[in-house]
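Everything on this sheet refers to the single structure shown next.
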Amino acid sequence: MRKLFAGLAALLMLAVVAQFYFAASGAFSTAPNDEAFRPHRALGYVIFLLPVLMVIVAALARMPGRLFGMTGLVAGLTVVQVVIAVLARAFNDTGDTSTTAGQLIFGLHAVNGLAILAVTGNVVRQARALSRPAATGRPGAVGSGTALPGPAAGTAQPAS
């Protein structure tokens, strides 16, 4: 189950990186905004649903609470993305042709996207670490039952 979670985390990271690509391609497209940003908008739904699925998998796999919370945070930050976009559109409808408050608010969309990228990177890193098998089978590994070379704990060494 932990390997499944790590695989979903890697898929989420791929989706977040692709989201930045679709945002840039939409921004530089000559098509109307609704059409240019369609892939970006569609992938946004995936970026919301995937962490929700991951939270369920994390609960079943009994992942640590911090990882569980960070995964939920990605879904929450995705909701914030939608709120930022709606607020920006609402402030853009004032009719002012200079730099509008909507444009300034919409800048937070990119900043929040970077936060999503950072949290997702943390989730991927921790999920990969937890999905690796324990290192207890190697000789000399801590907890393997094999004594490490050197004096036993609590014994005095002769002075040189």
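Multiplying the sequence separation of Leu11 and Val79 by 0.36 nm and subtracting their Cα-Cα distance, what value in nm do you get? Mind dumping the intermediate values first?
Numbers: separation 68, 0.36 × 68 = 24.48 nm, distance 1.92 nm.
Here the segment from Leu11 to Val79 would lengthen by 22.6 nm.
How large, in Å, is the stretch 2-131 by the Kirkwood hydrodynamic radius built from its alpha-carbon pairs? Could the numbers behind the result be given before it?
Working: mean 1/r = 0.0642 Å⁻¹.
Kirkwood hydrodynamic radius for the stretch 2-131: 15.6 Å.
Report ³J(HN,Hα) in whole Hz for each residue of the stretch 50-60, in order, from the Karplus equation J = 6.51 cos²θ - 1.76 cosθ + 1.60 where θ = phi - 60°; Gly and Pro get x.
Each residue of the stretch 50-60 in turn: 4, x, 5, 4, 5, 4, 5, 5, 4, 5, 5 Hz.
How do Ser25, Ser131 rank when sorted from fewest to most other Cβ atoms within 10 Å of their own Cβ?
Working: Ser25 13, Ser131 17.
The fewest-first ordering by Cβ neighbours comes to Ser25, Ser131.
How large is the charge dipole for the stretch 1-124, taken about the Cα centre, if only the Cβ atoms of Lys, Arg (+1) and Asp, Glu (-1) carry charge, to the nearest 20 debye?
Working: 7 positive and 4 negative charges, 139 e Å.
My answer is approximately 660 debye.
No lab work stands behind these numbers, since they all come straight from the coordinates. Here the structure is a predicted model, which means the values were calculated and not measured. Cβ coordinates were reconstructed from backbone atoms using ideal geometry, including for glycine residues, and neighbour counts include every protein chain displayed.
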